[in-house]
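Reading through the structure tokens given below for one structure.
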């Protein structure tokens, strides 16, 4: 039996609102807002402007991490949502950000990170699932 | 003509040394060490222990971001290396970490994030490349 230790959603948000994704303070608010469904409190939240007038930042809690890098001149934002928890749904963060960034289209891929064999006779006895 | 705004390497390190990847202080040192080739200084470096006795953290500079989440009981580490720069090689961070974590095997995938059309007649006139 194979379980994944973590889920990771890789998102390309296209045709975002350039004014929104060019505002570092707003982006930080939105990314923090995107993980309020997580029961863990925010351990770290760091955002900075980029040389391209975009925003670059990461929010970390015990059970979810969201990173973003934006390019307002291309109306594009790269977002990564990573969770080692099997009790929270990372797609809630995706939905939230898609709406707040006003992305008109996007590409999103979910990866299963750390596919580990578990169960009787396996050397791996511990798993999140 | 199509250029990528950023490169992203997704790495699965297997059969790492559990003692190394279970040591949060050491992991922070290694991840910070992995990006010393970047000419930018570290803007943020945040690491914390996980409930599974692993390490969870991110280091951010203006031109590279490295995130890690480790599971010592599975000898596994999930690493993400993201760079908006076209002048630095993110694979240097991969090489460095593979050696320091003593990963016996791994899987690494490079993604081109934000594939943008550039050139004459394109609505997108700005690019990193």
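The values are calculated or read from the model by the stated rules, or taken from the named source; none is laboratory data. Given the structure is predicted, the values throughout are model-derived calculations rather than measurements. Cβ sites come from the backbone with ideal geometry, for glycine too, and all protein chains shown count toward neighbours.
Here residue B:4 clears all of (1) in contact with a strand residue (DSSP E or B) (Cβ under 8 Å, 6 or more places away or on another chain); (2) over 24 Å from residue A:12 (Cα atoms) except the condition numbered (2). Considering only residues that are farther than 30 Å from residue B:51 by Cβ and out of contact with any strand residue (DSSP E or B) (no Cβ under 8 Å at 6 or more places or on another chain), look in the range A:27-60 and name the one that is nearest to the other protein chains (Cβ to nearest Cβ). So, considering only residues that are farther than 30 Å from residue B:51 by Cβ and out of contact with any strand residue (DSSP E or B) (no Cβ under 8 Å at 6 or more places or on another chain), the one nearest to the other protein chains (Cβ to nearest Cβ) is A:51. Residues in the range B:49-72 that are touching a helix residue (DSSP H, G or I) at 6+ places or on another chain (Cβ under 7 Å) and outside any loop (DSSP other than H, G, I, E, B): B:49, B:55, B:57, B:59, B:66, B:68, B:70, B:72.
Considering the range B:88-106, and only residues there that are closer than 12 Å to residue B:21 by Cα and either modelled with pLDDT under 95 or not in a helix (DSSP H, G or I) (or both), the residue that is nearest to the chain's Cα centre (by Cα) turns out to be B:101. Every test in (1) in a strand (DSSP E or B); (2) surrounded by fewer than 19 Cβ atoms within 10 Å (Cβ to Cβ) is passed by residue A:19 save one, and that test is (1).
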